[in-house]
Amino acid sequence: MNKLKIYWVLQVGGWLLFAALNIILAYLQETLNPETFYYAILVSLWFLLSTHIFRLLITKWNWLDIKIKDIAFKIFACLFILTITNFLAHLLFLTVLGIIVVSYDLDSFNVGVTLISTLSIYFVWTLFYFIYHYFERYNAALKYEALKNEIELNNLKSQLNPHFIFNALNSIRALVDENPEKSKDAITQLSSILRSSLVVNKNKFTSFEEELHAVKDYLNLESIRYEERLKTYFQIDPKSMNFSVPPMMVQTLVENGIKHGIAKLKEGGAISLDAAVRENKLTIKIRNNGQLKQENLNGSKGFGIANTRQRLMLLYGENASFSIENEDKNTVLTEVCVPQKI
């Protein structure tokens with residue numbers, strides 16, 4: 001059902017219900033007769049017509065696009081006009097139907113009660129109308145934001161195709177004649193990494209256990225190229241296996257440490273991965289030999305780190321944290337902290 005149909009269903013149904021309640025009230029007060037019945041119908045029709053005209057004016061003046069505080073006075077002015085015209089219509093209907101009692105209907109107290117009750121009815125209608133459109137636009141904004149985030153995530157994930165594959169293939173090619181068995185293992189590991197990369201295009205999260213397997217396969221492949229120049233260490237809290245992380249996030253950070261740290265050292269170096277659970281959050285620390293330049297510490301540009309920051313922000317908001325710094329003169333520390341995925 002589109003918005004216009006919803007509007008008319010609520011508009012007609014609401015004022016018919018209003019008429020029915022007035023008729024029932026007259027019946028209970030033993031004042032129901034053809035005249036009071038027609039009066040209840042006419043008043044409800046007037047409310048329907050006047051509120052619909054008010055809706056057309058709201059649309060014409062684009063009040064739904066303006067903050068309420070900026071048009072509050074105009075809204076109350078319109079409600080006052082609607083109340084006065086409704087009161088005049090009320091007197092007209094009573095007169096036409098021959099049921100007006102001047103001493104009662106024009107009594108100052110009864111006039112005041114009628115005006116206040118009518119103003120209240122128009123106010124409630126206006127309140128519901130604006131609230132409905134507020135939530136409708138809020139939901140539309142949420143859907144737009146979710147769609148935008150999804151597109152941005154897909155763009156970010158599309159950048160994660162591991163460029164080390166070319167190096168890995170060249171390394172495997174060199175092993176084919178030299179060590180066929182080791183080359184077979186390397187092909188299996190590369191296949192596993194490629195399978196993991198496919199997960200990136202399907203899921204927002206993967207288990208930390210699967211991510212860890214992909215990291216180990218990646219490091220095994222890199223060890224073919226770097227041989228004795230690359231040493232790896234792991235210290236994993238068993239509780240960390242209960243967590244989920246963005247696919248290839250840890251692998252990207254490990255790759256970053258090798259490419260921009262160890263690869264630049266003639267003697268090579270070591271890379272370690274520590275995972276621990278503290279206060280229901282998974283903290284991952286990656287240490288690698290090397291040093292970050294100050295401009296890279298400030299901007300983290302060209303390190304695959306901007307990608308990681310964006311993914312964490314899109315997926316976790318302020319609930320995740322990320323940092324990279326020179327821990328000492330020979331070590332770079334990258335730390336990620338993520339909450340348990342609900």
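The values are calculated or read from the model by the stated rules, or taken from the named source; none is laboratory data. The structure presented is a predicted model; accordingly, all values stated were derived computationally and were not measured. Because the Cβ atoms are built from the backbone with ideal geometry, glycine has one as well, and the counts that use them run over all protein chains shown.
Within the range 275-293, the residues that satisfy the criterion of being among the polar types (S, T, N, Q) and either within 16 Å of ILE258 (Cβ to Cβ) or out of contact with any Cys (no Cβ under 9 Å at 6 or more places or on another chain) (or both) are ASN280, ASN288, ASN289, GLN291. Among the residues of the range 220-277, those identified as closer than 28 Å to TYR316 by Cα and basic (Lys, Arg) are LYS239, LYS259. Could you say whether any residue in the range 246-254 is farther than 24 Å from THR188 by Cβ, polar (S, T, N, Q) and either in contact with a Gly (Cβ under 6 Å, 6 or more places away or on another chain) or outside any helix (DSSP H, G or I) (or both)? No: the range 246-254 contains no residue that is farther than 24 Å from THR188 by Cβ, polar (S, T, N, Q) and either in contact with a Gly (Cβ under 6 Å, 6 or more places away or on another chain) or outside any helix (DSSP H, G or I) (or both). Scan the range 3-11 and give yes if some residue there is under 24 Å from THR95 (Cα atoms) and either under 39 Å from the mean Cα position of the chain (by Cα) or assigned by TED's automatic domain parsing to the domain that holds HIS90 (or both), otherwise no. Within the range 3-11, not a single residue is under 24 Å from THR95 (Cα atoms) and either under 39 Å from the mean Cα position of the chain (by Cα) or assigned by TED's automatic domain parsing to the domain that holds HIS90 (or both).
In this entry, ILE66 is excluded by the filter for residues that are closer than 15 Å to TYR122 by Cα and surrounded by fewer than 15 Cβ atoms within 10 Å (Cβ to Cβ). For ALA276, the conditions (1) in a helix (DSSP H, G or I); (2) modelled with pLDDT of 90 or more are fulfilled apart from (1). Can THR31 be described as outside any helix (DSSP H, G or I) and either surrounded by fewer than 17 Cβ atoms within 10 Å (Cβ to Cβ) or among the β-branched types (Val, Ile, Thr) (or both)? Considered against the rule, which asks whether it is outside any helix (DSSP H, G or I) and either surrounded by fewer than 17 Cβ atoms within 10 Å (Cβ to Cβ) or among the β-branched types (Val, Ile, Thr) (or both), THR31 comes out as yes. Only one of the listed residues (PHE47, PHE93, PHE54) is surrounded by 15 or more Cβ atoms within 10 Å (Cβ to Cβ) and over 17 Å from SER120 (Cα atoms). That residue is PHE93.
Step by step: first the residues of the range 305-342, then only those that are among the basic types (Lys, Arg) and free of Cβ contacts under 8 Å to residues at least 60 places away in the same chain, then the one that is nearest to PHE208 (Cα to Cα). Which residue is that? That would be ARG309.
Against the condition farther than 17 Å from LEU169 by Cα, basic (Lys, Arg) and either under 28 Å from the mean Cα position of the chain (by Cα) or in a helix (DSSP H, G or I) (or both), how does LYS239 come out, does it pass?
On the way: farther than 17 Å from LEU169 by Cα: yes; basic (Lys, Arg): yes; either under 28 Å from the mean Cα position of the chain (by Cα) or in a helix (DSSP H, G or I) (or both): yes.
The answer is yes for LYS239.
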